[in-house]
Every structure is written in structure tokens, then in C-alpha cells.
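Visitor: To start, I am sharing the structure in question, which I have written as C-alpha cells.
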Amino acid sequence: MAPISLGNRAAAATLKARNIEPPGGNATPRPPIRMTLRAEKGTTLSGLLRNAGIPRAEAETAIAAMRKFFDPRRIKPGQIVTLTFDVTGGTRNDTLAPGKFKGLTLPTDYARQVTVARKGDGTFAAKMIDRPYIRSLVRSEGQIRQSLYLAGTRAGVPLSVLSELIRAYSWDVDFQRDIRPGDGFEVLFEQIRDDAGKTVNTGKIVYAALKLSGEKRAIYFHKTRDGEVGYFNEKGGSARKALLRTPINGARLSSRFGKRRHPILGYTKMHRGVDFAAPRGTPIYAAGNGTVDYAGRKGGYGIYARIRHNGRYNTAYAHMKGLARGIRKGTRVRQGQTIGYVGSTGRSTGPHLHYEILQAGRQVNPLRVKMPSGRKLKGAELTHFQALRGDIDRKFASLAPETTVASAEN
Ligand SMILES: [Zn+2]
């Protein structure tokens, strides 16, 4: 924390101000003094204003006015607040001092800021105004030697873009298995800079492609006219699939589908699902939209649920600690809805999710099965998408790949 000075505006200003802009000349009316302050850890907006010498009642009225646009409790360390004051003191710049508090400005994100200004009657009024920013597209690409994550980091792809990329492909690509040396990626993403040229945010991925074993899988960001936002492949098929391969977050694949020595029974047995080790209580998601057709105890499976997605596919979840509230036979569920929690019930050696995909009643390998696809664009929507895709392809081809400093992958 910086030293705090109460009551003395000049002292407060020298202690905390990054920058004070004195007005030029001595013309009347004199332009206000602007004081730029930076919020520190533990700073409240009210504290910040009071440290600048603003009387409590004025500070509280100004803050109350901004509340409908910005919750002052959301102020973060490093956030810049600009205060404006009338000028008091002599006519020479070195004798000027901040006078009556006139208002403040606070950026709420890269695109907007809230301003609060004192009105003639002494009350304060707030409004939101746009901030200037520059949106540009960045092309990045690289060879994948070990993992997409390492390759992306090495190519300078921001972490937020990289995780979005991994999420967008997670319907289709098993990142623990499908990536081979020699594979590659391309990505075109938005970058947002403020008017000083500083990168303030990364926007969405506009286009990406993975080259896996010589096969290129491209996806394009698209918003349909009925409002669905997502990634679509070259043919207009949604990258989002009808079923999740991994219906759990942050889990480690601990046992694959296929023959294995059973950890409890000791003999070799077919493992008809995949196991994800995760802490007890981790939420388990419905892999797709459907109807619960079994929910309860089921022998060695322990607490078990099965969802019927359509005539062809079912998914099953075993060894749960318990079912989520409201999950019973006949419950309709949506993709991503929590249906239960990781446990170790039934024939199990530790907390994990045993997950099965059943195709026409038979278990298939969730990591290998060709997923039923989600939405496919048709008609005018498809024509519109294809035109947009052409624009994106041309844009990508016209940009030079971002130059990056090579560093060792490890
Ligand atoms: Zn299992």
C-alpha cells in the first residue's frame, strides 16, 4: 500500500498521482485539473477518492451515480481512475491546486468507460462512453512437435486463444492421442489494442486449422441468422458435436477402452469404457441432449446413470458418488448439464468416472467413435457462410505469419 494522506489534496496528489495535467495559460474559465490515479491492492473507489481529498459525502454521491453502469466493488488493482477538479490558487502553473471535485472517469473494459460529472445543482450524473480501440487480425502458425499447447505457446499465441482453440477442437480431436510429430496448426484471431497501441485484449478465433497426419481440419467462426454462435467446418457442419468425448472437466484419462488386466479381479478383461480420474465430487456432465433412462445403483457400476440421446446413441456414467438433484429415469437433460458427481461406488479402486458410449446397444470406444455431428448449415445460411469463409481465407492468405522468436520446446 502507498502511504495514505487524508485531507490535504496537494499532498495526496503528490503521493498517488501518476500524472497531473496543469491547464495552460491563465484564460478564464480555466480548464479543470486532471489527476490520474491507479488502484492498488485492497483499494476501494471510495478510499481512492477520499485519499485524493474529496469529502466523504461528495465521494459517496459520485459513486452512487455510477452504480447503474459499474459496480464500484469490481475495481481491480492496476485500474486507472481519472479525477477532475476545478482550479484554485494563483495564475501561475506552479501555484495551481485542485479545487472543487468535478467528476471522474473509469474504464470498465477496453471498449467503454464510465464518466461521472457534477451538474449545476451539485448532484452527479453518470454515463457510459465508448473508448477508442483498434481491432486487428493476427495470423499465427506452427509445427506441432509434442503438443498443441507447447507449439501454440512457442508461436506466441496468447493463452486465452490457445485454450479456445483446444476447446473448439475437443469435440473431434483426442489431444492425448491424435497429435503426431509433423502435425501443424494455423490460427487467425482478433487482437484489440488501445489508442496507444498496447494490446488490451484478444478477441475470438476467426479461423483455425489443424493438420493431423496430412489431413487438414479447418473451422470458421460464424454467427447464424437465428443467433447460434460457434465454429463450423468447410462444409458448414458445426464443430460442436452431438456428444462429448470427455463429459468432465480437468480430469486425467486413467484407463482406455480395450483389453486390460482388471485392477480388482486380476484377470484380463475387456474394458468397455474409458476412465477419467478426478477428485471425488467433481461434476459429471451429460454428454449430449437426451433423456435419462437409468439412474440408480447397478451392480459393479455402483451409482450409475444412462442417457438415451436418440435411437442410436446412449451414454453411461458409473461409480458416481451420487446423482445430481432432479436426475431420475425420464428426466430430460441438456448437453453439459451436471447429472452426478465423481465417486468410487461399486467395483472401483478410487474416485473416477467410468464413461461409456453405446452405439445401437453396444459399447464403443468414446475416444475413437466417429461422433454424430451437430447442426449443418443449409440453403441461404450455407451460401452466406461460404461467402464469409471465402473472405476469411483471402484475409488469412494476405497476412504474413506473425514473426516470433524461436525458443526450445520442452
Ligand atoms: Zn472403467
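The values are calculated or read from the model by the stated rules, or taken from the named source; none is laboratory data. What you are looking at is a predicted structure, and each value in this text was computed from that prediction instead of being measured. Positions of Cβ are backbone-derived with ideal geometry, glycine not excepted, and every protein chain shown enters the neighbour counts.
Visitor: Of the conditions (1) on the phi > 0 side of the Ramachandran plot; (2) away from the ligand (no atom under 16 Å from the Cβ); (3) not assigned by TED's automatic domain parsing to the domain that holds residue 231, residue 379 fails just one. Which one is it?
Guide: All conditions pass for residue 379, except number (3).
Visitor: Go through region 254-275 and give me each residue that's more than 9 Å from the ligand (Cβ to nearest atom) and modelled with pLDDT of 90 or more.
Guide: Those that are more than 9 Å from the ligand (Cβ to nearest atom) and modelled with pLDDT of 90 or more: none in region 254-275.
Visitor: For region 326-361, how many residues meet the condition of being within 16 Å of the ligand (Cβ to nearest atom) and surrounded by fewer than 18 Cβ atoms within 10 Å (Cβ to Cβ)?
Guide: Taking region 326-361 first, the residues within 16 Å of the ligand (Cβ to nearest atom) are 340, 342-358.
Now restrict to residues that are surrounded by fewer than 18 Cβ atoms within 10 Å (Cβ to Cβ): 344, 346-347, 349-350.
Looking only at that region, the number is 5.
Visitor: Answer yes or no: is there a residue in region 286-306 that is acidic (Asp, Glu) and over 28 Å from the mean Cα position of the chain (by Cα).
Guide: Here is the first cut: in region 286-306, the ones acidic (Asp, Glu) are 293.
This time we only want the ones that are over 28 Å from the mean Cα position of the chain (by Cα), so: 293.
Checked against the condition, which is being acidic (Asp, Glu) and over 28 Å from the mean Cα position of the chain (by Cα), region 286-306 yields at least one hit.
Visitor: Another question, if that's okay. Any residue that is within 16 Å of the ligand (Cβ to nearest atom) and in contact with a strand residue (DSSP E or B) (Cβ under 6 Å, 6 or more places away or on another chain) - is there at least one of those in region 240-249? Before the answer, list the steps.
Guide: Initial filter on region 240-249 (within 16 Å of the ligand (Cβ to nearest atom)): 245-248.
Still in the list and also in contact with a strand residue (DSSP E or B) (Cβ under 6 Å, 6 or more places away or on another chain): 247-248.
Yes, some residue in region 240-249 is within 16 Å of the ligand (Cβ to nearest atom) and in contact with a strand residue (DSSP E or B) (Cβ under 6 Å, 6 or more places away or on another chain).
Visitor: Name the one entry in 234, 190, 186, 164 that is modelled with pLDDT under 90 and among the acidic types (Asp, Glu).
Guide: Working: 234 fails: modelled with pLDDT under 90; 190 fails: modelled with pLDDT under 90; 186 fails: modelled with pLDDT under 90.
After applying the criteria, what remains is 164.
Visitor: Turning to a different aspect of this structure: Which numbered condition trips up residue 334, out of (1) modelled with pLDDT under 95; (2) closer than 20 Å to residue 237 by Cβ; (3) under 27 Å from the mean Cα position of the chain (by Cα)?
Guide: Against the list (1) modelled with pLDDT under 95; (2) closer than 20 Å to residue 237 by Cβ; (3) under 27 Å from the mean Cα position of the chain (by Cα), residue 334 comes up short only on (2).
Visitor: Out of region 64-85, which residues are within 21 Å of residue 121 (Cβ to Cβ), under 29 Å from the mean Cα position of the chain (by Cα) and crowded, with 16+ Cβ neighbours inside 10 Å? I'd like the intermediate steps shown before the answer.
Guide: Taking region 64-85 as the starting set, the residues that turn out to be within 21 Å of residue 121 (Cβ to Cβ) are 64-69, 83-85.
If we keep only those that are under 29 Å from the mean Cα position of the chain (by Cα) as well, we get 66-69.
Passing the criteria: 66, 69.
Visitor: With the requirement that a residue be surrounded by 19 or more Cβ atoms within 10 Å (Cβ to Cβ) and assigned to a strand (DSSP E or B), what does region 215-270 give you?
Guide: Once the filter is applied, which keeps residues that are surrounded by 19 or more Cβ atoms within 10 Å (Cβ to Cβ) and assigned to a strand (DSSP E or B), region 215-270 yields 218, 219, 220, 221, 222, 231, 232, 238, 241.
Visitor: Still on this structure: Just checking: which of the strands (runs of 3 or more DSSP E) contained wholly in region 326-377 hold 2 or more residues that are under 21 Å from residue 240 (Cβ atoms)? Before you say what the answer is, go through the steps one by one.
Guide: Details: elements: 338-342, 352-359, 362-364.
Qualifying strands (runs of 3 or more DSSP E): 338-342, 352-359.
Visitor: Right, something else. If residue 278 satisfies all but one of (1) at pLDDT below 95; (2) within 15 Å of the ligand (Cβ to nearest atom); (3) closer than 21 Å to residue 241 by Cβ; (4) within 32 Å of the chain's Cα centre (by Cα), what's the number of the condition it fails?
Guide: Tallying (1) at pLDDT below 95; (2) within 15 Å of the ligand (Cβ to nearest atom); (3) closer than 21 Å to residue 241 by Cβ; (4) within 32 Å of the chain's Cα centre (by Cα), residue 278 fails exactly one: (3).
Visitor: Based on this model, can you work out whether residue 319 counts as within 16 Å of the ligand (Cβ to nearest atom), out of contact with any Asp or Glu (no Cβ under 6 Å at 6 or more places or on another chain) and in contact (Cβ under 8 Å) with a residue 12 or more places away in the chain? Talk me through it step by step, then tell me what you get.
Guide: On the way: within 16 Å of the ligand (Cβ to nearest atom): yes; out of contact with any Asp or Glu (no Cβ under 6 Å at 6 or more places or on another chain): yes; in contact (Cβ under 8 Å) with a residue 12 or more places away in the chain: yes.
In short, yes.
Visitor: Please work out which residue is nearest to the chain's Cα centre (by Cα), limiting yourself to region 86-137 and to residues that are modelled with pLDDT of 85 or more and of a type in the set (Ser, Thr, Tyr).
Guide: The residue in question is 108.
Visitor: Shifting gears a bit: Kindly indicate whether any position in region 288-311 is in a loop (DSSP other than H, G, I, E, B), surrounded by fewer than 16 Cβ atoms within 10 Å (Cβ to Cβ) and away from the ligand (no atom under 16 Å from the Cβ).
Guide: Just the residues of region 288-311 that are in a loop (DSSP other than H, G, I, E, B), to begin with: 288-289, 298, 302, 309-311.
Now restrict to residues that are surrounded by fewer than 16 Cβ atoms within 10 Å (Cβ to Cβ): 310-311.
Retained after the next criterion (residues that are away from the ligand (no atom under 16 Å from the Cβ)): 310-311.
Looking through region 288-311, at least one residue is in a loop (DSSP other than H, G, I, E, B), surrounded by fewer than 16 Cβ atoms within 10 Å (Cβ to Cβ) and away from the ligand (no atom under 16 Å from the Cβ).
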